[in-house]
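Working notes, beginning with the structure itself.
All of the numbers you see were taken from the coordinates with simple rules; none came from a lab. Just so we're clear, the structure is a prediction, and the values are computed from it rather than from any experiment. Positions of Cβ are backbone-derived with ideal geometry, glycine not excepted, and every protein chain shown enters the neighbour counts.
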C-alpha cells in the first residue's frame, strides 16, 4: 500500500507538465480532455464529446466519404481517446475490454502468451478479428499461443505495441467484412484512427497499483504534439513510456503445505516428500501473476500536399518491449545436484515496427484514388533465466543459468490501390469503389542456443532446435468492387465482392449485401448477409515445439502440419476457415437526444483450426523423434507422451445481440450527465467435431468449452459522466455474465476415483468437472478537477470493491497452480486498482 501511495503522489506532483491523450474534436466539440469547458451562465448549452462521437464521420464499413456513424448501413461504434483515458487502463487492449462489451481477454495467459496482448470479439479467437490502423491492415504478433485455452494457436495483433496517446479514436465495425477487407474480418473490424494535428502539445502521466494485492505498481508517461510541415502540411509525433511490476495473487500450494488428503498424488510435492525443502513449508504460490514489463512506444504521422489534387502521407510506429513472466508454479529442488531452489523467469525482448507511405488525390478521370505501401513486422526473442539443464549438468557437471530458447519474426508487406467516385444513374445516386491488393507474408523461426534444447533442455522449458527453424513466405493477391446504391431517399444498399488468391492455400470468393431503410427521421432498419474467410497463419502451418513435463518422464510435441512426421500421424494441409454472417437491427431516437441501437447476429464458422490428431504412446514418440526432437534423456514414460498437430477440425455457430443507448441530461447550473449503456449477449455452440486418424473426436469436453463457454454469455456496461464547473465524475458499472469451464481433476482427487468413461478420474482426458464462474459486478470511479485551463488532475479506482473470480475447489487446483479458472474471459484476478492521473494541453 505504501508503494501505491508513493506512485499516486509522484504522479500528481508532475502536474506542471503532464496531460491527457484525447481525440481531436470536430468543429464545435470540447477541446480539453473529456469534459466541457466551464459553463458561464445558466442559459449556455455545453456540447460534450458524448453528443458528437456518433455524429463523427467514419471511414470503417463504408467506401463512401462523409458518412456518420448513426447513418451507416452496418453498425459502427466510435470510441474516443477520452473514453480510453477514462478507462484508467494503460494498455489499449485492456481499455477496450473495460469499456466495450463485445471484446474480452483471458484472465491470464500461459508463459509466452502472457507477454503479448490480443483481444477476442464476440467470443471468437483473436485471429478472427481484423485490426486496421488508419484503414491499413496491421501486422500480427510473431508469438503463437502454445498452450491450450480459448486463444490456442492464435497470433493476433498486439494492440499494446501501438502508442495509445497517438490514438484519435477507434472505430469498431460490428459485422463480418471479409468482402471489403479480406481475411480475418469475421467477428468484426477494429480500425484505429491516429492523430494528425499540425499544432498543440499534450502530455500525460498516470500511476497506480493493485492496492489489495500490494503489488502491480505501474506508471505511464505520454507526450504528443503536432507542427506544420511547410505552409500546408503537418507532422504529428508521439512517444510513450510504460512500466509495470508483477501483480501477484498469492494462493495455496499443495506442493508446499506439508499435508494432503488420503489418496492424493504427491509425486510432484516438495514439503514432506523431498528432502531439503522444509524451508518452503506453508509458503504460497505466485503462479497467478501478471508480467513485469517495460515498454517504449513511438509514433509519427505526416501529410504534405504536392499540388492541388495530390497529397503525400506517411506513418511510422516503433515499439520495444522487455517483459518477464514467472514461468513455473513452485521451487524445483534436486538435493543430489545441489539445487535447492529454481525460480525461472520467461523473458520476451520484442521489437515491433510499421511504416506506411502513400499518395492520394482527386479527379483521376473523375475518381478519388489512394496508392499506398505498408511494411511492418514483429520480432520476439524468447529466453529463460534462473534455470538449469539437468541432463547437461548430469552429463558434463555444468549447466548455464540463462538460455536463449528461440526467436520468432513475423513480417507483412501490403500494397494497395483504391479508387472511388460518386455519380448518378437515371436519377439514382451511386457510389462505386474498386481496387487491388498484394500482400507478402513471411515468418521465421530461429533456433536457440544448443544448451536450450540438447539433453532435454532447461527444466520444463526446452528451446526450439534447428529442426523447427526455417523461413516461410506466401503471396496474397486480391481484387474487390464495392458499390452503394440509393434507389430512394430512404433506402441504401451496399453490395461488395472480393477475390483472394493465396500461394499456399485455397483461393476464396467473398460477397456481402447490406441494406438500410430509414422509416422516418428517428427510426431506421438495417441488415447484412455476407460470407468470409480466415486464411491459416504461417505460424499455424509451421510452428513446432517440444514440451517436457519434469518428474513425469513424459513429453508432448506440437508438430508442424506440413511436416512428414505430422503426416505420418494423419495430418493434412490447413484450409481457410469459412464463415457465413447474418445480422439485422434498428437504430432509433424515440425522444430527442435518446439514441437506441439493437442488432442481432449469427456467425456460422466452419473448418475452424483447432488442436487435432493427438496421438499417445510409442507412435507419438516415434513421430517426435523422426522430426528431430531430442527426447532421449527425458522420455521414459511413453504411455503418457503425446504428439499433436493443428487441423480444420470443428464448426461452430455464434449467435448474439448488441444493445446500445445514450442520453445527455442537462441540469443547467448543476451541469450535465452523459448516460450510456451497452450490453452484449453471446452464445457459441459446437456443430461439428472432427474425427482423428485413430477414430476419436478431435475435441474433448474441455477443449470444446474453451471455444464455446469461456466467454461470458452476457456483458453489460453502464456509464455516467457528470460534468459541473471544473469538476467531472465518472462512474462505470459492469456486469460480466457466467462462463463455464470443464476442469481437469488434479492431485487432491483420490487415486481410487474412477472416470465413468474408463480409467482414473485424476488427470483424466475424458472426464472433467464442470465449473461455473458465476456473474460478477465491477464498479469503477474517477473524480477529476480542472486546476487551470491547461491542467487537469484525476484520481480513482477500477473495481473499487475488489471483486475477483470465483475460486476453484481443492480437487481442481493443481500443485502450484491457479486457484481460479485462468482460461475464463471474465473478470481479472488482480482485484482493485487505484490510480492518479495528471494532464496538460497547450
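Shape verdict for the range 488-562, please, from the Cα gyration tensor: rounded (a/c under 1.5), prolate (a/b greater than b/c) or oblate. Note, shape of the range 488-562 comes out oblate. Over the chain, what is the relative contact order in whole percent, taking alpha-carbon pairs under 8 Å and six or more residues apart? Taking the mean separation of contacting Cα pairs over the length of the chain, I get 13 percent. The range 433-480 and the range 720-780 have Cα centres spaced 34 Å apart. Remark on the range 774-842: hydrodynamic radius 14.7 angstrom, per the Kirkwood mean of 1/r across alpha carbon pairs.
Relative protection proxy for 727-739, 219-231, 703-715, 161-173, from highest mean packing down: 161-173, 703-715, 727-739, 219-231 (other beta-carbon atoms within 10 angstrom).
How would you classify the range 607-721 from its alpha-carbon gyration tensor, with a ≥ b ≥ c the square roots of the eigenvalues: rounded for a/c under 1.5, else prolate if a/b is greater than b/c, otherwise oblate? Each step should come with its number before you reach the end.
Values: a/c = 5.32, a/b = 2.91, b/c = 1.83.
Since a/c reaches 1.5 and a/b is larger than b/c, the shape of the range 607-721 is classed as prolate.
From least to most packed, judged by other beta carbons within 10 angstrom and beginning with the fewest, 175, 747, 134, 726 follow the order 726, 134, 747, 175. Averaging 1/r over every pair of different alpha carbons in the range 468-625 and inverting the result gives a Kirkwood radius of 19.9 Å. Our note on the geometry: Cα centres of the range 672-691 and the range 516-585, 19 Å apart.
Packing around the peptides 383-392, 716-725, taken as the average count of other Cβ atoms within 10 Å per residue, puts them in this order, highest first: 383-392, 716-725. The angle separating the long axis of helix 618-627 from the principal Cα axis of greatest extent in the chain is about 60 degrees.
Shape verdict for the range 181-229, please, from the Cα gyration tensor: rounded (a/c under 1.5), prolate (a/b greater than b/c) or oblate.
Working: a/c = 5.31, a/b = 1.16, b/c = 4.57.
Oblate, since a/c reaches 1.5 and b/c is not below a/b.
As a ratio to 2.2 N^0.38 Å, the alpha-carbon radius of gyration computed for the range 653-693 takes the value 2.34.
The separation of the range 266-319 from the range 143-214, counted between C-alpha centres, amounts to 15 Å.
What are the semi-axes of the equivalent ellipsoid for the range 720-838, taken as the square roots of 5 times the Cα gyration tensor eigenvalues, largest first, in whole Å? All intermediate terms of the calculation are to be shown ahead of the outcome.
Working: eigenvalues 421, 33, 13 Å².
Sorted largest first and rounded, they come to 46, 13, 8 Å.
Taking the C-alpha atoms only, the angle from helix 2-13 to the longest principal axis of the chain is near 20 degrees.
By DSSP, what percent of the beta bridges with both residues in the range 101-196 are antiparallel, rounded to the nearest 5?
Working: 10 of 15 bridges.
Of all bridge pairs located within the range 101-196, approximately 65 percent are antiparallel.
How would you rank 685, 837, 295, going from fewest to most other Cβ atoms within 10 Å of each one's own Cβ?
Values: 685 13, 837 28, 295 22.
Fewest to most other Cβ atoms nearby, the residues stand as 685, 295, 837.
Taken over the C-alpha atoms, the chain has Rg and Dmax values of 27.2, 90 angstrom.
Every helix of 4 or more DSSP H residues in the chain counts as -39500 (n - 2.57), and over all residues that averages to -2000 deg cm²/dmol at 222 nm.
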